[in-house]
Each structure stands twice: as C-alpha cells, then as structure tokens.
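Notes to accompany the following structure.
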Amino acid sequence: MREQPTLEQLVLGDVLRKRAKTHRSMTFLKFREGNLTYGEVAAMSNRVAQGLASWGIQPGQHVAVMLPNCPEFLYSIFALSFLGSVAVPINTEYKGEALRHVLTTSHSTVLVIDASYVDRVLPLADQLPQLNRIIVRSAGDQHVALDCFKSPVGLWSNLLGAGTDRLNASVSFSDPQAIMFTSGTTGRSKGVIVPHALALTCAIDSLRFLDRWDKTVYCPLPLFHAAGLWDGVLSAMLAGQAIAIVDRFSASRFWDDVRRFKAQVALSVFSIIPILLNQPPSDKDKDHPLEMFYMGKSQMDQNLYKRFGVHAVETYTSTEIGIGTASPYGEWRPGSCGIAHAERFDVAVVDEWDRMVDSGVPGELVVRPKQPFTITPGYYNNSEATAQKFRNLWFHTGDRVWVDDQGYFYFVDRMADAIRRRGENISSFDIESEVNQHPDVMECAAFGVPSDLGEEDVKLAVVRRSQSQLDAPELLAYCQEVLPRFMVPRYIEFYDALPRTPTDKVAKYQLRRAGQQGITDCTWDREAHSPCVAPTMSILHNKEPL
C-alpha cells in the first residue's frame with residue numbers, strides 16, 4: 001500500500017483509526033504470545049484512553065511510560081495520542097539520578113510503569129512531588145507496595161472498565177506527540193519535543209527509502225527508542241503491514257525468530273551485525289526470508305551479503321530530525337549514509353563558523369526543514385540548548401561528516417562528548433555525575449573507546465581521593481548498583497591527575513590517544529577480569545588548545 005497522506009493527516013491516533021477501518025482483521029502486531037489485528041489494537045487503545053480520561057488525564061498532559069516491549073506499551077502510546085496527551089517513553093534500564101532527571105525535567109504528572117521496575121522509583125518517592133498518579137502493569141491484581149508515594153496508585157487492569165465510546169480530542173499534526181530523551185553531550189540528557197508530523201514522516205521515509213511497503217518487520221529493539229517505535233511500529237502501521245516484536249535481541253534466537261515470523265526486514269543497531277557475523281557458521285545461514293538490516297554499517301554489506309544473503313542499509317537518522325540522508329533503494333555505497341533527503345530538508349556541511357565547506361572536506365552536518373513540524377521545535381524546558389542547536393537558522397547535529405562530488409555523505413565521528421554503545425546513546429555527564437558521588441572518587445571522566453562490535457565501549461578514567469585504596473572491581477560493583485546496565489563501564493583506569501585544557505576542562509582527546517586507542521597497559525578490563533598491577537599512571541597538564 002503506497003498511499004501518501006498529506007502532512008495535515010499525520011496524526012498518530014487518526015492514522016491508527018483509519019487502519020482499523022481499512023485493515024480491521026489483518027495482523028498488525030506479532031508477539032511470541034500471539035498476534036493482534038489492527039482492529040484489536042485500536043479497540044484496546046481506545047479503552048485505555050477512556051480509562052485514562054476517567055482518571056483525569058487531560059490533553060497536553062505529560063505521561064511517562066516505563067514498560068518493556070509488550071502490547072501495553074503500544075496501547076499506552078496510542079491511547080495518549082487519542083487523548084491529545086504527551087507520551088514520555090523511559091528507558092527501562094534507568095534508575096537513580098537518570099530516572100529522576102527524566103521524570104522531573106519532563107514535568108510528567110503520571111507514570112505508567114511495569115511492576116518489575118517499581119523498586120526503581122521507591123527510593124525517589126520524596127523527589128517526585130509532581131507525580132499525581134502511578135499506574136502499574138502487574139501480573140494479575142497483585143498488591144504493589146507504593147505506599148510511600150502520596151499520589152494514588154492504580155493497576156493497569158482498572159483502566160479497562162471505563163467504557164468503549166470514541167474520544168474526540170482535537171489533535172493536530174503540529175502538536176507534541178512525545179518527549180523522547182536523547183543523550184546530552186555536555187550536560188544532562190535532553191527531552192526532544194516530537195510533533196506528530198516528525199514521528200510519522202520519519203516512519204514514511206523509512207518505508208520509502210527501504211521500499212518495504214509489503215514486508216514484515218522483525219523488531220528486537222526497545223520500543224522506547226525512536227528506531228523501534230517510528231521505523232518499526234509506525235512504519236508498519238502506515239503500510240498496513242505486520243511487525244514482529246520480541247523483548248530483546250538474542251543472537252542464538254535471531255534467525256529462528258526471523259523464520260518463525262517470516263520477516264523480510266530486521267531493525268538493527270550497528271552492534272548487532274558483528275555479533276551475528278561472529279556466530280559459528282551454519283548450513284542454515286541463508287535459509288531465511290530476510291532481505292535487509294536497518295540500520296547496519298554499510299561497510300559491512302559485502303561480508304553480510306556473502307554469508308547471509310542480506311544487505312545492510314545505512315541512513316543518517318536522529319530523534320531530532322528523523323531521516324536526514326539516505327540512499328535510493330539498492331544504490332547503497334560502502335561507508336556512506338546516503339544523499340540528502342531533499343524533499344524535506346536542506347542539508348549542508350559547515351566549518352566552525354557555519355560556512356559551507358567543499359566536497360571532501362570534513363565539517364559539521366547541519367539541517368533545516370522545508371516542511372513545518374518535520375523536525376523538533378526544540379528541547380523541552382531547555383531554551384539554552386535549543387538556541388545552541390538551532391543557531392544561524394540551521395539545526396546543528398554535532399556530527400562530523402564529509403560529502404563527495406556526487407552528494408553522498410560519509411559519517412566521520414561525533415563532535416560532542418557522547419558515547420554510542422550497542423545502540424544506546426550515552427551521556428558521559430550522566431556517568432560522571434553518579435561516579436563522582438562515590439566517597440573515594442575525587443574526579444572521573446567517561447569516554448568511548450572503539451569496540452570489536454563496531455561501536456564503542458565505555459572507559460572510565462578515575463582520580464582517587466588521597467589515601468584511598470579503591471580498586472577497579474569495587475568501583476565496578478558501585479557502577480552496577482547506580483547506573484543503567486548499558487552505562488556500566490567495561491574499562492577502568494586510575495590516574496594521579498587527569499589532563500586539562502587551557503580552560504581547565506578535562507582533555508578527553510588526550511585520554512583517547514593514550515596507548516592503543518585509549519587502552520593502556522594499566523587499563524582494567526571487566527571482561528578479562530584481570531586488574532592492572534602496574535602503578536597508577538599520571539598525565540601532566542597539557543597546554544595544547546582544544
């Protein structure tokens with residue numbers, strides 16, 4: 001189905017209701033536990049919306065959703081779109097300060113949470129005064145111990161008895177559909193305001209560039225990320241096709257899942273493909289219906305196709321802009337993330353003064369929209385970050401690229417201080433804020449080092465307080481306690497002092513240059529379980545410019 005809705009028709013709840021009329025009995029969502037049709041998903045989402053409305057949830061209200069990959073996550077997202085409320089999806093690994101930060105800075109007044117994550121919010125009870133209701137998805141009607149919260153607590157099952165009448169909230173393509181948190185690079189993670197048009201144009205563009213209108217999608221990615229939700233669920237909905245959703249990626253189950261669900265497209269992050277290529281060869285390597293991975297590093301395409309008969313498709317995509325560059329179907333070039341999406345954006349490469357550079361010269365990728373509300377209007381409750389990103393009438397991606405004479409873009413690296421690990425964008429500031437609270441840590445710096453899986457691993461450089469005997473295993477245990485799992489460092493190294501810039505900032509570029517791409521003889525690797533026995537190393541202050 002190659003129907004092209006107008007920009008004004010891109011309202012999430014309206015699109016689902018339309019599909020429920022045209023594809024009512026067709027399968028929409030496939031889970032291990034069974035399938036759901038378009039009609040069933042729309043009807044259940046409407047019941048949830050009725051329940052939320054009966055509990056006082058209003059249009060424009062911010063509702064945090066902390067659920068695993070399950071039907072209830074999507075019912076919540078669709079129900080909130082029916083109401084004209086704003087969804088705030090939360091990474092299910094979050095806890096401690098990271099979780100508090102998202103809940104408070106998003107001004108979420110309601111939290112929908114799985115019972116398995118309740119212990120994450122209990123320590124935060126007195127730090128979340130803005131929450132006026134908590135809704136718990138639990139097994140059966142079990143009691144959930146949230147008595148420490150002053151706000152009322154309800155069970156998910158209680159939402160379903162409010163009625164089935166259709167809600168008629170007035171929602172526009174320009175209205176915020178969600179606030180999705182992306183990693184901060186010089187500070188805390190920021191909440192990206194996502195209009196309905198941004199989420200749905202990204203979904204449409206994913207269909208068009210991959211020519212996947214009639215293809216079943218396999219999604220092992222978390223739905224709280226744009227890749228799983230927009231490129232996965234919303235793209236499938238716009239095409240009237242099915243999407244298979246599992247709880248998480250598993251190398252041992254991947255190909256059996258693809259065969260079981262008869263999937264032609266697999267949603268991916270860059271680290272998934274090296275993991276699959278590192279699995280032992282099998283005589284069933286090409287015995288499957290899969291045609292492409294989205295996304296995969298295009299440099300891997302030759303090896304991937306030779307072994308599995310599958311292509312790796314790479315685009316430049318972000319939560320703030322959707323798909324900025326992509327190759328026409330079948331015209332993928334090794335190392336390139338494609339050409340400018342000229343229908344939606346002006347795309348350029350600029351120097352540090354925002355002057356356009358020649359082809360072949362690295363610079364920052366900048367974008368500006370040709371259509372309204374197809375990129376974020378800014379970061380929620382963060383005017384300073386918004387102004388910085390949108391300076392000189394361009395959205396500055398913070399990524400260094402170059403473009404060839406034929407208009408194909410090539411990603412070089414990140415200009416800002418972020419880490420990319422197994423599909424997760426990690427703010428080094430978030431890690432450092434938690435680790436610096438350890439009583440034996442005087443200062444630390446987190447940064448990314450190259451990973452064998454194609455992205456980065458986290459390294460932590462630490463200066464201990466005087467007389468401290470803190471060692472790497474002890475610090476690792478602390479990190480595992482206070483940090484989301486994907487932020488826990490693989491490498492730890494102790495220093496007498498960290499290198500500084502002339503403005504007294506930590507010179508992380510010097511840390512990255514040390515040894516072999518940031519790994520020295522004194523680096524402790526938690527995967528090797530072999531702590532360094534050499535003396536702590538000292539890097540003197542360096543007066544090189546930034």
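Residue by residue through region 33-43, note down the ones that are open to solvent by 50 Å² or more (accessible area, probe 1.4 Å) and modelled with pLDDT of 95 or more.
The answer is Asn35, Glu40, Ala43.
Results for (1) within 23 Å of the chain's Cα centre (by Cα); (2) farther than 23 Å from Val102 by Cα, shown as yes or no for each residue.
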site: His23; (1), (2): no, yes
site: Gly34; (1), (2): no, yes
site: Met44; (1), (2): no, yes
site: Leu52; (1), (2): no, no
site: Leu67; (1), (2): yes, no
site: Phe73; (1), (2): yes, no
site: Ser76; (1), (2): yes, no
site: Ser81; (1), (2): yes, no
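Considering only residues of region 175-215 that are open to solvent by 20 Å² or more (accessible area, probe 1.4 Å) and farther than 26 Å from Ala418 by Cβ, which is farthest from the chain's Cα centre (by Cα)?
Across region 175-215, the extreme among qualifying residues is Asp214.
Need at least 1 residues that are loosely packed, with under 12 Cβ neighbours inside 10 Å and modelled with pLDDT of 90 or more per element, so show me which strands (runs of 3 or more DSSP E) inside region 277-370 make the cut, counting only ones lying wholly within it.
Output list is empty.
Being open to solvent by 30 Å² or more (accessible area, probe 1.4 Å), more than 25 Å from Phe261 (Cβ to Cβ) and in contact with a Gly (Cβ under 9 Å, 6 or more places away or on another chain): is that true of Arg100 here?
For Arg100, the condition - open to solvent by 30 Å² or more (accessible area, probe 1.4 Å), more than 25 Å from Phe261 (Cβ to Cβ) and in contact with a Gly (Cβ under 9 Å, 6 or more places away or on another chain) - is not met.
Just the residues that are in contact with a Leu (Cβ under 7 Å, 6 or more places away or on another chain) and of a type in the set (Phe, Trp, Tyr), please, taken from region 334-389.
Phe373
Identify the single condition in (1) of a type in the set (Val, Ile, Thr); (2) without any contact (Cβ under 8 Å) to a residue 12 or more places away in the chain; (3) buried (at least 21 other Cβ atoms within 10 Å of the Cβ) that Val435 does not satisfy, given that it satisfies every other one.
Status for Val435: all satisfied but (2).
It is to be established whether one or more residues within region 348-361 are more than 22 Å from Tyr294 (Cα to Cα), of a type in the set (S, T, N, Q) and without any contact (Cβ under 8 Å) to a residue 40 or more places away in the chain.
There is no residue in region 348-361 that is more than 22 Å from Tyr294 (Cα to Cα), of a type in the set (S, T, N, Q) and without any contact (Cβ under 8 Å) to a residue 40 or more places away in the chain.
Per-residue answers, yes or no, for (1) among the hydrophobic types (A, V, I, L, M, F, W, C); (2) more than 28 Å from Gln279 (Cβ to Cβ):
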{"site": "Ala162", "(1), (2)": "yes, yes"}
{"site": "Asp175", "(1), (2)": "no, yes"}
{"site": "Ala203", "(1), (2)": "yes, yes"}
{"site": "Leu207", "(1), (2)": "yes, yes"}
{"site": "Pro222", "(1), (2)": "no, no"}
{"site": "Gly228", "(1), (2)": "no, no"}
{"site": "Leu238", "(1), (2)": "yes, yes"}
{"site": "Arg253", "(1), (2)": "no, no"}
{"site": "Phe261", "(1), (2)": "yes, no"}
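Would you please list the contacts, defined by Cβ atoms under 7 Å and residues six or more apart or on different chains, that run from a residue in region 11-28 that is under 13 Å from Phe78 (Cα atoms) and open to solvent by 10 Å² or more (accessible area, probe 1.4 Å) to a residue that is outside any loop (DSSP other than H, G, I, E, B) and among the small types (Gly, Ala, Ser)?
Note: pairs meeting the criteria are Arg17/Ala42.
Restricting attention to region 405-420, which residues are surrounded by fewer than 17 Cβ atoms within 10 Å (Cβ to Cβ), in contact with a Ser or Thr (Cβ under 7 Å, 6 or more places away or on another chain) and part of a strand (DSSP E or B)?
none
Could you check region 447-503 and list, in sequence order, the residues that are part of a helix (DSSP H, G or I) and open to solvent by 10 Å² or more (accessible area, probe 1.4 Å)?
Pro473, Glu474, Leu476, Ala477, Tyr478, Gln480, Glu481, Val482, Arg485, Phe486
Please give the number of the condition Leu470 fails out of (1) over 21 Å from the mean Cα position of the chain (by Cα); (2) within 30 Å of Val412 (Cα to Cα); (3) not β-branched (Val, Ile, Thr).
(2)
Given the criteria in contact (Cβ under 8 Å) with a residue 60 or more places away in the chain and farther than 21 Å from Ala326 by Cα, does Asp430 qualify?
Taking the combined requirement at face value, the residue satisfies it.
So, in region 389-404, of the ones that are touching a residue at least 40 places away in the same chain (Cβ under 8 Å) and among the aromatic types (Phe, Trp, Tyr), which residue ends up most open to solvent (accessible area, probe 1.4 Å)?
Trp402
Sort out which residues of region 226-255 are of a type in the set (Gly, Ala, Ser) and either over 21 Å from the mean Cα position of the chain (by Cα) or open to solvent by 10 Å² or more (accessible area, probe 1.4 Å) (or both), and write them in order of number.
Correct list: Ala226, Ala227, Ala239, Gly240, Ala242, Ser250, Ala251, Ser252.
The values are calculated or read from the model by the stated rules, or taken from the named source; none is laboratory data. All figures in this text were calculated on a predicted structure; none of them were measured in a lab. Cβ sites come from the backbone with ideal geometry, for glycine too, and all protein chains shown count toward neighbours. Calculation scope for accessible area: heavy atoms of the full protein, side chains included, ligands and nucleic acids excluded. Shrake-Rupley method; radii C 1.70, N 1.55, O 1.52, S 1.80 Å.
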